[in-house]
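Student: Structure provided below as structure tokens; questions to follow.
Nothing in this text is a laboratory measurement; each read-out follows from the coordinates by a stated rule. Note that the structure is predicted; figures quoted are calculated from it, not measured. Every residue, glycine as well, gets a Cβ built from its backbone with ideal geometry; the counts of neighbours run over all protein chains shown.
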């Protein structure tokens, strides 16, 4: 069982009953133009219940909740991608749009990064985002990530089957190269 706390947030393992809040957030996210730059999410109640159960089975996906009320506002994922003796993790996140612009993503990601480098002994944390996702790019740069490459990516297609290509950026945050938590 994993739990991280910040001044305003509690990051905890998913529970089976988080599925409705997760589904509402995913439906909201899937309706945005940025969803084209990501793998499509399942959206039926049954599929989201299975995803939530899978998230709850480990420590890689943490529900982000307001500490004061317990309100689910998003999630942060930290997946182990270690290989060749290098401890490397991949960071991912989605936050409810009603809570954007309030520093919650920064606060939650900092807590997860602190845990990755201090407790897990990470050598690096990597992630990626679409060039068009300005908010995510700003967040990653604020967290100290450095852009390492650009790639043309495609996760989805138009209704007539044409691939939707976009410019994607890969980022890395190396141990010792990150700003101190505030």
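Student: Can you compute the label reach from residue 177? Point 7 Å from Cα along the Cβ direction, backbone N cut-off under 20 Å, restricted to segment 67-88.
Tutor: Answer for this model: 78-88.
Student: Rounded to whole Å and sorted largest first, list the principal axis extents of the Cα atoms in segment 91-163.
Tutor: Dimensions of segment 91-163 along the principal axes of its Cα atoms: 47, 31, 18 Å.
Student: Here's another thing I want to ask about it. On a full-extension model of 0.36 nm per residue, what is the gain between residue 150 and residue 83, subtracting their alpha-carbon distance, rounded to one decimal in nm?
Tutor: On the way: separation 67, 0.36 × 67 = 24.12 nm, distance 2.22 nm.
Taking 0.36 nm per residue and subtracting the Cα distance, the gain is 21.9 nm.
Student: Shifting gears a bit: For residue 132 and residue 27 in one chain, what is 0.36 nm times their gap in residues minus the Cα-Cα distance, to one decimal in nm? Walk me through the numbers on the way to the answer.
Tutor: Values: separation 105, 0.36 × 105 = 37.80 nm, distance 2.01 nm.
Fully extending the segment from residue 132 to residue 27 adds 35.8 nm.
Student: Using only DSSP helix segments of four residues or longer, with each worth -39500 (n - 2.57), what per-residue ellipticity at 222 nm results for the chain after dividing by its residue count and rounding to 500? Could the numbers behind the result be given before it?
Tutor: Details: 4 runs with 48 residues, N = 182.
The helix contribution divided over the chain gives -8000 deg cm²/dmol.
Student: Then there's this: In Å and from the alpha-carbon atoms only, list the Rg and Dmax of segment 1-125.
Tutor: Cα radius of gyration and Dmax of segment 1-125 are 14.4, 43 Å respectively.
Student: Using Cβ contacts closer than 10 Å as the measure, can you line up 141, 68 from fewest to most?
Tutor: Arranged by neighbour count, lowest to highest, 141, 68 become 68, 141.
Student: In nanometres, what is the gap between the two model label sites at residue 7 and residue 158, each 7 Å from Cα along Cα-to-Cβ?
Tutor: 4.7 nm
Student: If you don't mind, another one. I need 41, 54, 19 ordered by Cβ neighbour count within 10 Å, fewest first.
Tutor: Working: 41 17, 54 12, 19 21.
Least crowded to most crowded, the residues run 54, 41, 19.
Student: What relative contact order, as a whole-number percentage, does the chain give when Cα pairs under 8 Å and 6 or more residues apart are counted? Don't jump to the answer; show the numbers that get you there.
Tutor: Numbers: 311 pairs, mean separation 35.9, N = 182.
Normalised by residue count, the contact order of the chain is 20 percent.
Student: For a footprinting-style exposure proxy, rank 64, 146 by other Cβ within 10 Å, fewest first.
Tutor: Values: 64 28, 146 13.
Fewest-to-most Cβ neighbours within 10 Å comes out as 146, 64.
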